[in-house]
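The values are calculated or read from the model by the stated rules, or taken from the named source; none is laboratory data. Just so it is clear, the structure is predicted and the values come from calculations on it, not from any experiment. Methodologically, a virtual Cβ is constructed for each residue, glycine included, from the backbone with ideal geometry; neighbour enumeration extends over all protein chains shown.
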Amino acid sequence: MSASPRNGRQNLTKEQIIRTARAMVKEHGLQSVTLRAVAKELRVNPTAITWHIGSKRNLLVEVSGVIFRELRLADDRSMTAYEWLMDSGRRFRKLIMDNPNYAPLIGGQLASKPPSLPFVERVLRVLGDLGLRGDGLIVAFNAYTGVLLGWAALELSEEPAEAAHEVEENYRETLHDAEPALYTALNDHGMEVLNKIFMLRWSNGTASPLDKSYEFLLESVVSRICQRAESGGASSN
């Protein structure tokens, strides 16, 4: 692009646009971010946003990078790989739980460029220092980041639009009407786990966080990664 936008403020910068979009995601959710909405927030013509950013998808990639930079990771040289992977997993979840509107952006978008090379570098370095290579490294990286990103998307899924008491009534009626002979486990445990397990819950993690389940999954995956590295075993993806 060779010329400055004519219909925007002369001092408008790409960084201003990204910061504004991040604030909109944080306060109002991903659906609030459009190029026109960002332009309105900054009091410029939408063409000024397009000139700096290009497209909404490009903007969201940039916002993802800013969000990852909010993640303050510990020094991986000062602790064991197990400790660092556990600590980083907890820090990531805290960031997302403190900012639940980040979850759909972080966990559900394939980007046109890497959103955070520093994060990828740190995780790869820790896994590489464990001695993982090739398929073993790939599997470990995907398993670990899958826990972080996938859990965020699941736990903080958008809640039903209907009133909570109506949704709860629907769930209870569905379980009550389930044929006991066909659904023996649900007959035994359904009411006990209602709104506490995936696929039988209507409240997301902001109201009903699944702390123990996340810790269990994180510890299971990190322990398995470390065990795999110690055994020198190879794996395929």
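The residue of segment 141-180 that is surrounded by the fewest Cβ atoms within 10 Å (Cβ to Cβ), among those that are among the aliphatic types (A, V, I, L, M) and touching a Leu at 6+ places or on another chain (Cβ under 7 Å), is 178. Name the single residue, out of those in segment 190-229 being in the same structural domain as residue 86 (by TED's automatic domain parsing) and of a type in the set (Asp, Glu), that is surrounded by the fewest Cβ atoms within 10 Å (Cβ to Cβ). The residue in question is 211.
Screening residue 17 with (1) surrounded by 19 or more Cβ atoms within 10 Å (Cβ to Cβ); (2) closer than 20 Å to residue 121 by Cβ gives one miss only, at (2). Residue 115 meets all of the listed conditions (1) of a type outside the set (S, T, N, Q); (2) under 16 Å from the mean Cα position of the chain (by Cα); (3) closer than 30 Å to residue 196 by Cα but one, namely (3).
Going by the structure shown, is residue 158 more than 23 Å from residue 227 (Cβ to Cβ) and touching a residue at least 12 places away in the same chain (Cβ under 8 Å)?
The answer is yes for residue 158.
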